[in-house]
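The values are calculated or read from the model by the stated rules, or taken from the named source; none is laboratory data. Remember, it's a predicted structure, so these values are computed and weren't measured experimentally. Note: ideal-geometry Cβ built from the backbone for every residue, glycine included; neighbour counts use all protein chains shown. Remember, those area values only see protein heavy atoms, side chains included, never the ligands or the DNA or RNA. Shrake-Rupley method; radii C 1.70, N 1.55, O 1.52, S 1.80 Å.
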Amino acid sequence: MGEIDDAIERADRETFTRQPPKTLKAQIGYLIRQLGSAKAVAQELGVTADSVNRYRRGARKHPRADVAAKIDDAVRTRWQPQVRKRRQKQAASTGGITVETRARFGYTAPVGTTDDGRFRCLTVHLPPAYAQRLFDARNAGAGDQQMRGIIAEGFKEIYFQDGGGRAMGLSDVEINDIDYLDLDY
């Protein structure tokens, strides 16, 4: 996963209306209901079906740290898919998406101006059209670079050009060296 994909996943997790199961038994029970069998859960986690059944019964209470992380991730990625879809639909139709980042921005500018990239801390609210494009790209399996391009294009229009009020000669904004990036919708 790339930085943008991770940020979308974090934003999705913040939209939960109920917290996912916390205990190991409850998490394994939820995964078995979702995937249909202990064997399917075992394949997902990279352990044996016997281990999954021991977790479910409570005979084994403390999985290895890497397995515990896989269990938690598997539960969180399947938890409340309808809530996630509703929030993404709302962001793509009316709400838009807020991007907070510290990164190096570079751009192509007209002759006589500087186009040297520099680090900026920006929090910019992008319109719903950019949220829709970002979600569509992610669902189509786009790479991190393509999703960065969508966000950079939104920053160009909304932040650098102020919706058409300035810097009209500016083109090809790029986001490089992302220090951090967070999304909210």
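In the set (1) among the aliphatic types (A, V, I, L, M); (2) in contact (Cβ under 8 Å) with a residue 24 or more places away in the chain; (3) not in a helix (DSSP H, G or I), the condition left unmet by residue 74 is number (3).
Looking only at region 1-43, residues that are touching a helix residue (DSSP H, G or I) at 6+ places or on another chain (Cβ under 7 Å), open to solvent by less than 90 Å² (accessible area, probe 1.4 Å) and in a helix (DSSP H, G or I) come to 17 in all. Look at (1) open to solvent by less than 40 Å² (accessible area, probe 1.4 Å); (2) at pLDDT 90 or above; (3) closer than 30 Å to residue 46 by Cα; (4) not aromatic (Phe, Trp, Tyr) and you find that residue 83 fails only one, number (2).
The rows are residues; the columns are (1) modelled with pLDDT under 75; (2) open to solvent by 70 Å² or more (accessible area, probe 1.4 Å); (3) not in a strand (DSSP E or B).
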{"site": "88", "(1), (2), (3)": "no, no, yes"}
{"site": "99", "(1), (2), (3)": "no, no, no"}
{"site": "102", "(1), (2), (3)": "no, yes, no"}
{"site": "105", "(1), (2), (3)": "no, no, no"}
